[in-house]
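Reviewing the structure listed below.
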């Protein structure tokens, strides 16, 4: 979603132009809803705050190079038991 917003918001500086030029793959009604959310002062404040937090972070959040399905499959092979999703996280760490 960021890519969609960023492309339009950089191309058009005026709010009305931004709202009236949705990307071709998004219906105008959906675009209006997204636009209203993105321009809401509360959302903008939260977005700016989160952006600042991400810039300060020294750790990159990642799920790792192996999908959880791989851990589940390996556990089934070893124990014959299917892991519940929360247990997959324990095994993968």
Which residue, of 89, 59, 83, is modelled with pLDDT under 85, assigned to a loop (DSSP other than H, G, I, E, B) and touching a helix residue (DSSP H, G or I) at 6+ places or on another chain (Cβ under 9 Å)? 83
Can you run down the residue pairs with Cβ atoms below 7 Å, 6 or more apart or on separate chains, where the first is in region 34-53 and in contact (Cβ under 8 Å) with a residue 24 or more places away in the chain and the partner is in a helix (DSSP H, G or I) and exposed (fewer than 12 other Cβ atoms within 10 Å of the Cβ)? 39/15
Just one of (1) surrounded by 10 or more Cβ atoms within 10 Å (Cβ to Cβ); (2) within 18 Å of the chain's Cα centre (by Cα); (3) modelled with pLDDT under 90 trips up residue 37, so point out which. (3)
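The values are calculated or read from the model by the stated rules, or taken from the named source; none is laboratory data. Please read all numbers here as calculations on a predicted model, not as lab measurements. In this analysis, Cβ positions are derived from the backbone assuming ideal geometry, glycine residues included, and neighbour counts consider all displayed protein chains.
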